[in-house]
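The values are calculated or read from the model by the stated rules, or taken from the named source; none is laboratory data. What you are looking at is a predicted structure, and each value in this text was computed from that prediction instead of being measured. For neighbour counting, all protein chains shown are included, and Cβ atoms are generated from backbone atoms with ideal geometry for every residue, glycine included.
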Amino acid sequence: MLHSSVIFKYSEMYIHNMVEISTRNFTFSQKAKKLPEIIKIDEEFAYIIGLWKADRCSNAKGIVGVRSKDEDLLESFRKFIEKMKLDVKERIVKSYGTVKEVYCCSMPLRRIFEYVAKNRDKLFSEKRMILSYLAGIIDGDGSTGGNSHLVIFYSPGELEDAKIDSQLIKKLGFDTTIKIKDNHIRLYILKPSKLIKDLLPFIILKRKFMAA
């Protein structure tokens, strides 16, 4: 398997601030279902990465999917899988109530997701890319209260993820604070009204931002 620094050097092309990934650098078996030769790391991809990080359905080998009760979020992921020319799979599962999973089986795509997520602080340098990524996370694992409250939740082992996302938010000019609880981590965005205004065009679940 290629070292991450080698992949980073040889798999990306920057065209007018657009990152493009060559999928052949993530495909190590001729049996793998073929992806498009080039995948653009655009605003849609950034949103999907955020949603996947928040609501991923499985850590099983080669599974790329999300779990949600919200059909709008599931549909956004379903359309992305179809765009990748992969077979969409769905199932109903019991997890804090009945939820649905939308997923595909593709080890190359899973490697790409993990790679982009790991290097998001480098790949998501433009404001709209950061906003798209944050919108995906907030749609999946965010909590709001009108324009005065915005917090993102993480599992106990995701402190480094919270720190990276905090740095991305600070790139946009907003302060954050991280609080570690017994069973989760919270990333608070301080004085978030301006950030919420910037996020709204990228958010699918706009009802989250309706004032209580």
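List of remarks:
- Listed by position, the helices (runs of 4 or more DSSP H) contained in the range 103-212 that have at least 1 residues being within 30 Å of VAL93 (Cβ to Cβ), among the acidic types (Asp, Glu) and more than 13 Å from the chain's Cα centre (by Cα) are 159-171.
- Selection within the range 21-38: residues that are within 18 Å of ALA117 (Cα to Cα) and of a type in the set (A, V, I, L, M). The member of this set that is surrounded by the fewest Cβ atoms within 10 Å (Cβ to Cβ) is ILE38.
- Qualifying positions in the range 112-168 - modelled with pLDDT of 95 or more and basic (Lys, Arg): LYS118, ARG120, LYS127, ARG128, LYS163
- Some residue of the range 34-51 being on the phi > 0 side of the Ramachandran plot, in contact (Cβ under 8 Å) with a residue 24 or more places away in the chain and not in a strand (DSSP E or B): no
- Selected residue (only one of ARG111, ARG120 is closer than 25 Å to LYS61 by Cα and in contact with a Phe, Trp or Tyr (Cβ under 6 Å, 6 or more places away or on another chain)): ARG111
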